[in-house]
Every structure is written in structure tokens, then in C-alpha cells.
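Note sheet for the following structure.
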């Protein structure tokens, strides 16, 4: 079942490549494929019974200790569901029209396969293959359908993240060599952590893996590929980049680094916490100074992902209260899901601006609430969701992270991190005021109301964020056991 | 019955959300904040002067498709009133029944709503004031956006006062802040109003950070988020929790040093102020402090800090109120000052007195703001000078405003006279007592000032044509009900009633206001009121100093916050953004350029060098080949000659070697 979920989009992509479909019809094939995939994921969710579910383990490269090993648990399942939903809504969003729809749809379907593959992989080599292919796919999305200085942005994105993934590969090889017997299998590595005899050699491996994932997350100061890539990517590409691809970094930290290198993770927990705090404050402050809407949202991603790094760092504070640490990890996973929904919605909304006015500069707009009340309402809701207003997923995530981090004993780090939510509030209110309120600006006249396809793509994301924000138990019940398991793994 | 407790906030929340959606759905083109009554946008003298405000907005248009929309917008008011009526009924039911509703929000941490004595009083107060304000606003025929936001605002306050744990409390607390943002920025066409809304939200959220910190520390200190468990927290944690809660409460209640946001909050319609200044928002901070009074007392310093913060706010913001020349600004400052008494009550463990003051003040202040809104709409001015005689022109508003203002002044036998003394009765440190008592005298002065101005004979500003709010039953009934409460709630001070009140709240019996104290404070209030009357008669303006740091400008608090906090943060943000672009991104691109240059070096000297050697070798070999070809002529005689030379050389060599 899981294998079908992973490769169904790829099969649809080949279908698109084989037959000469019309543009509009290609989009509908795309929607149908992603919708079926989402239904399958929902069925998988309903059929999930704890532990590693829907597991498949086949021989692949036995000589290298690598196999085709996929499965889901309480951390990967919500992310796979979020990925499937976001790709479906990107398809719906593209109904409003796009250039070369056939290859566009095929590329996104390819990206969907590799994204779900990353979250499902339980083998490091398999993980790495999907992880690297996601970079390739996104490169072509930016260079083929982007705008502005897209070639340069795409190249920066590709080289930077590719370099990061090479460092990651070194770390994976380190894990392979450190394990007895040598293996790339993640469940075996977690059950029997490498370097248990020689903790000294675990440090360089952790550094390599951390740096590799830090580039993708991104963590300050390895984040500068992100703003240009977002600014010049098409709206759906930005939504996928922020919503799905960034999660691969933090997911990798939680899935790979934490369970396989527990001793090193504990030893460097304070360093990781500090990196998280710096990242989230820096991201928020730099976002506050941006004049370009898309760059601004890109920097808020740095802020939001910083909370996740902070929480994962706090998970390694073995002296702290176990329940508080579990709360922080639950918050981190919730943040991955919630950020995907809300930032995905925000980037899709920026696409409205580019579509209508070919500009993102805040000060060229103003008073849009008069032209486009629904667009204004959607953006306002997304902005408040992103700034962590209770009632939306962001609060559920950030409250758990902050309370968990402070409860685990990192009071100063928690107190500093709390400042981030104030800065985020200030920057989103600034955006709302400059763009939507007050008198009309230079380009305001061009901004018309959202179209049905745009509304249909954005509204479900925000509605889901609202549902998680008000009644989160159905999601947290899934995440809590895996958070407890992760904390137990890292405490060894 | 437990399910009913979720209905209490759920009903207004869901109806509010539906009204907001209904506001968006029917028409593609709408005109946002255009109000039928066009209450002119105004605010503190200075920043709003010269702005057209709401008058410059497009009128409520009847564009194509607007008819259906008009009907829906017209229904919004009655729907909201109906919801408020049902909410009040539910509030009374839960106040009697005291149910408890538990749920789990976060793993292993119980959350829930619970109604104890304090919550029972609060839910009824909130629901009643909300009903009065919404009924009055329905008479003004505002749009669905207004009613939707007001209902959500009320729902958030209802959760705040019934939440049994920090997580739910914080959720409601912040949602209330967001709704206040939307209501203050209701007339968003004016960028200045949007700025005021920003300022209010960011300032109150700065305080809210304390609650996040408190929640984390509660988790560490007590292993739960329960409010009831807080006093049991261990040594470092109890102090941190108290500090966080105090900061959050002072921010929400606009106490010093956060008071300035309430001045800017006046950008919202008067009906918003009537709710925001009375039973919700600013009351939430006082409520929270009264709720956690045992924790404050347990830490020692927190109770003292809170008592002084309240007393000083009552005093200094009383001076600010007295110095205002604008009715709404006067009322806003008086709100800070009056809430100061409630905060003081939390600091001196006068919970029964503090809650009584909260309830009485809620009635008084919503009444005063509703009346001010009527004059603002009909006369188009807020300026105290131009409001001369306004009360004579509108007898209903005039009389009810008079009752409210007299109560605010602490004149006997009205409510605040008694409730304020109920708080003061528990204030023991002499210095604190002096400050608090001086604050009550200032209250008498500023309230009398407002009262005199509107009742003084004179020609008020010409009425705006065609604007008639405050008329009809929806106009006068809420005012009358609020005036009745403002006048009569003082019975709570009768000793037997006061003990019963403390019993209702479930707090230990307090001393309550003594007869002698009441006589002295009532007498002094009358004297001060008389003095103000006399001074006014002579036309002397008290406190005419108009420096930026003076009371007329709210002691420049906003300016200080801007210069000391906002600007440095913005400067830091700008500096970091430049650092990000030039240094970090510069380093990355520099590294990329360095690699390109290294590649260039590898090409030009290195690669071409190696290539040159290879080529040279090849060329040399070729040349040698050419040379080697030379002898190969194909002519036998030459070959013979070459062989002869070769043999001769060989012979020479052999001969030499030998």
C-alpha cells in the first residue's frame, strides 16, 4: 500500500509523458492522481495501528547493506498526509492556468513521489536517493517556471543544497561504518546505535549529518539559498519548497540523527538549542526588515523551523523532565505539519499578487481590503495562523515547544525563543497594514479578488490549520507515542 | 450540564464566525468599514487631526447584488442580540450550577473550563454587558463584520474567565487580543487606525509572552498547567510563574508602563470601547490577578509589586484623565486608573472588594462609552469644549451619562463609591494608602469635569443631519439598565451583603468598607466635585501644561516605547537584514566566486600549462618524426652512403672503446 502511495504519482507522470494530452486535461489527470493518492493516505491513516505500519522490506543492494525498506509511524504519517494534501491543492491551484502544463504536472508528480519517499524511507541509502532527487526536481521547477532572476536562484539553490546533501552522505557513510554489522537500515541502526564503543568518533558523524540537514532546514547561517529560491519560484513551487522540502531537514534530524547518535546528541544538546534560538530570532528579525512579500515569508520559515531545531535540541537534555521533553518533540512534529499548511497557504496567496501585479514589494500596495475582501480575509487568517494565534496549528505547536523547552530546564532559551513570537506578530501586522489596509497604493488597482481555483486551494489548508488549532487530539494522539519513543531513544 | 459549559463560549464563537463568513460571502465587491452612521474617525488630539477619517469613506453602497447583502447585514444585529440573550441565560445557568468540563489538549495535561464563585460572577457580568452593548449597537445598525468580531471577542473573554488551566487561558487571552486588533482597526481605511490596532496588539502580546513563560514554568514546577495548582510550585518556579502572570496582566489591563495602548485603542468605534473597557480585555488582567491572588501572596514580592503598580496607575492615569480635552481619551485614562484599583485589590488580598469594583466599573464604563458614542455620532465631535450642553440636547443619554459620571466620581450613594472603599479597606501600608486615596480624589475631579462639560448650558456643535442613534427602545433600554446597575450596585457594601458577596465568590471574608471610611471618602468626593465645579465656573483650566511627557500626552509612554523598544528593534532588524545580504550571502557567493576563480586558475596557468607540456612533447615528437623521415628518401645510393657512414662511425667507436 505504502509503495503504491509513493509511486502512484510517478506512474501518473509517465502517463502524462506518454500520451499527448491537452494542457487542461493534463492538469485534471494531475488532480485525479493526487486525489487518489490522498485517499490512499487517508486509508493508510485509518489502518495504522501503532509502531511501524505498512512496512515493506525488500533486498536492493545487499552488498552495501542497503534495502528497499519503507514504513510509516506517528511522525511520518502526518507528514505524508500533509504532503499529499499540499500537492493536491497545488494541482487545484494550477487550474487557474500555467505555462507548459503537461511537463509542469509531470514534474510536480515526480516531486510528490520523492517527497513521500523521503518520509517513508527506513533505509539511509533509499532516503538519500529520494532526498537528492527532490533537489533535482525543485531545480527544474524554479528554472522552468520561475520568474525574476530564476536561473541564478535555481543554480544557487541546487549547488548549495546539493553540497549539503554530499556532507550528509559522508555522515551516512560514517553511520554505516560505525555500525556492527555494517548496515544502512534505519531500524537496525536505531535499535543498535553505532559508535556505542567509541563515542568520540560519533561527534564528526553527527556534525556531518547535522550540517547536511541544517542546509535543507535551513538553519542560520546556512539559509541564504532560501530567500532567492522562494522569491523566484512559482507560487506552487514555493508552497512545496516551504511546505514539504524544508521538512526533510528537520524530519531527518528527528528520524536519523536523534535515534542513531543519542550520546553525541545529548552531549551537544545545548549547542543545538543555541543554534535553534539564534535561528528563530535571526529569521524573525530579518523578516521584519524585508520589503518583498515573498522574501519576508521565506525568512519567517527560518524562524518557524528554528523552533523545531530548538525542541529537538531540548529532547537531548537528559537531566530535564521526561514529559516536558516529550511535549517539546510533539510540538516539533506538529510544527512541521502546521508550518506546511500555513506557509503553503501564504505562498499560494503570494502567487495571486504575482499573477495580478507582477510585484511583491510591500510599499507598492495598500488598501487591498477594498478591492478583494476574500483575499484579505484569507491572508489575514493565514498571517494570524503563522504568527501563532491560538485556534490555529501554529499555537498548538509553539506552545508545546516553548512549554516543553522551559519545562525541560532550558528557561533562558525558552524565554529568548518566546520573543520570536512577538517579532513575528509585529512583522505580519506590518504586512497586513502596508498591503491590505489604509489607502490604495500604486498597484492596488490591479489586485482583483481570488479566483475559485485559488480559493479552493488555499481555504482547505487554513481550515485544516484551524481544526488542528481547536481540536488537535486526533493529530496529537498519533504523534505523542512516537515523541515518547524518540525521547526514550535519545535518552539511552 | 457540563456540556452546557462549552456552549457558553461556543455559541457566541460559532455565531460570530458565521457572521464573519456571511459578511464575506454574498458579494464580491463590498465596502468594508463604511458605517451607516459614519461616526467620525478621531482620536487623541495630535495624531488624528486633519485626517478625514470615516467621512472620507465610500458610503454604504447599494451596488448590484447589494440588496441581498443589505438584508443579511441588517439581520446581523438582531442575530447578535439573540445570541447575546441566550448566552446570558446560559451564563446565569452555569453560574448557578457551577459545572466543570474537562478535556485533554496536550498529552497528559488536563485542560478545561470550570465555574467557581469568581467565574460565576464574571460570566454573568461579561454576558450582561455584552448584551447591553450589542443591543445598543443593533440600534446603530452596524454591519455583520462588527457583530461577528464582537461575538468572538465576548466568547474569548468567557473562556478566559472560566479556564481552569494556563493553556486554555492563554488561548482565549490571545484570541481576545486578536479580536481587539480587528475591532480597533475596524475602520481600516485610515492607515492611522491600522497603526493603532498594530500598536495595541503588539503591546498586549508583549505582555502575553509572560503567560507563555509562566506556562512553561508551571509545567516544570507543578507538573501541570492547572491554575489551582500554581501556589504549590517550588521556589524558583513560583517566582517565575508570578512574574510572567503579572507582566501579562499588566499588559492586558493597560497598567503602567503599558497604559499607552489604551489611548490608541480609542480608534475603534465607541461600542467597541464600551465592551473593551468594561467587562472584557482590560478587565481580563485584573481578573487574572484576582484569580491567582494566593500565588501572588505566596511569593511576597509579587503582591507588593502588583499593589503598587495598581495604585500608581490609579494615581498617574487619574492625572492623565484630568488633563484630557477629549471625552473618549478622558474615559480611556480613567479606565486605566479604575482598573488600577482592581489590580491594587489583587495585591492586598481584597478579592471580594476588587471583584465588586470590577463589576460596578463594567456597568459604569460601558454606559459612559455608549453615551459618548451617541454624541460622537450626532454631534461629530469628541472635543470637550465643543460638547458643551450635549447632555441637555439628549436627555436620555444626558441623564444616564450623568449617573455614570457621578458614580465614576465616587459620589455617594452610587456603586463605585462603595466598591472602591471596599478595596481601600484592605490597604494597610500607609504610603500605599495615601497614593490610593489621592487617586480617588483625582477620580472625583476627572469624572466631575466630564459631567460638568456636557451639562453646562451652551450651544453644542451643530448636529449632523440624519443621524439618530440612541433613540428607540434599543437606544435607551441598555443605557437605562446599565445606569441602574451603576447606581445600585453599591448595596454590595452593606456589611451583611458584603459577607454574602465574599461567600458567593468563595473567598475569605474581608473587612469591607467601614461606615466612617465611607463617610469620609464620600464627603471628600463631594468636596472635590464642588471645587471642580467652582473652578470650572470661573473658567480656569486646571493642568494646562502640555509637554510631551506631561499627563495631557499620557506621560509620553508611547513615545518612550517607540524610542526605547520599537526603533532599536527595527534598526537591529535592518542591520541584520543587511548583514544577511552582504556578509552571509556575500560569503556564500564569495565562496562560489572563489571556486570559479580557482577553476579559472586551474584552466589558465595549470591546465594550459600541463596541456602545453603535453603539446610540446607531442610537437617535439612530431618534429623528430619529420627529422627521422628525412633520410628515408627511397634512393639506394643514399642508403648505401648512410650505411657506410654508420659502419665507419661504429668502427671508430669500437676502436676507441677498445
Over its alpha-carbon atoms, the range B:300-544 yields an Rg and a Dmax in Å of 17.8, 58
Compute the Kirkwood hydrodynamic radius of the range B:235-322, taking the inverse of the mean of 1/r over all pairs of distinct Cα atoms, and give it in Å to one decimal. 13.7
Please report A:52, A:401, A:6 as a ranked list, fewest other C-beta atoms within 10 angstrom at the top and most at the bottom. A:52, A:6, A:401
Starting from the Kirkwood radius over alpha-carbon pairs of chain B, derive D by Stokes-Einstein at 25 °C in a medium of 0.890 mPa s and give it in µm² s⁻¹. 88
Cα gyration tensor shape for the range B:124-235, rounded if a/c is under 1.5, else prolate or oblate: oblate
Restricting everything to alpha-carbon atoms, can you work out Rg to Rh for the range B:562-645 with a Kirkwood hydrodynamic radius? 1.74
Once the principal axes of the Cα atoms of the range A:368-425 are found, what is the range along each, listed largest first in whole angstroms? 49, 18, 8
Starting from one equal scatterer on each C-alpha and no solvent at all, send me the Debye-based log10 I(q)/I(0) for the range A:1-267 at q = 0.07 Å⁻¹, two decimals. -0.25
Going highest first, how would you order A:63-70, B:259-266 by mean Cβ packing within 10 Å? B:259-266, A:63-70
Restricted to Cα positions, what overall size does chain A have along the principal axes? Three whole-Å values, descending. 68, 56, 41
Going by average Cβ neighbours within 10 Å, how do the peptides A:440-452, B:403-415 rank, with the highest at the top? B:403-415, A:440-452
Could you work out how much longer the chain between residue A:492 and residue A:32 gets when fully extended? Use 0.36 nm per residue separation minus the Cα distance between them, nm to one decimal. 161.0 nm
For residue B:511 and residue B:103 in one chain, what is 0.36 nm times their gap in residues minus the Cα-Cα distance, to one decimal in nm? 143.1 nm
In what order do A:83, A:330, A:98 fall by count of nearby beta-carbon atoms within 10 Å, going from fewest to most? A:98, A:83, A:330
Calculated FRET efficiency, residue B:393 and residue B:301, Cβ-Cβ r, R0 56 Å, to nearest 0.05? 0.60
Helix B:473-488: angle to the longest alpha-carbon principal axis of chain B, degrees 0 to 90, nearest 10? 70
Semi-axes of the range A:269-492 from the Cα gyration tensor (sqrt of 5 times each eigenvalue, largest first, whole Å) come to 35, 18, 12
Considering just Cα atoms, how many Å³ per residue does the convex hull of the range B:101-162 enclose? 78
Kirkwood Rh over Cα pairs of the protein assembly as shown into Stokes-Einstein at 37 °C, 0.692 mPa s: D in µm²/s? 102
Please give the peptides B:89-98, B:473-482 ranked by average Cβ packing (other Cβ atoms within 10 Å per residue), highest first, as a rough proxy for protection. B:473-482, B:89-98
Peptide A:421-429: average number of partner chain Cβ atoms within 10 Å per residue? 6
Counting only other chains, what is the mean number of Cβ atoms within 10 angstrom of the Cβ of each residue in peptide B:221-231? 1
Shielding of A:278-291 by partners, i.e. mean partner chain Cβ atoms within 10 Å per residue? 4
Could you give the spread of the C-alpha atoms of the range A:198-329 along their three principal axes, from largest to smallest, in whole angstroms? 47, 25, 21
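We did not get these values from a lab; they are worked out from the coordinates using the rules stated. No experiment lies behind these values; they were computed from the predicted model shown. Every residue, glycine as well, gets a Cβ built from its backbone with ideal geometry; the counts of neighbours run over all protein chains shown.
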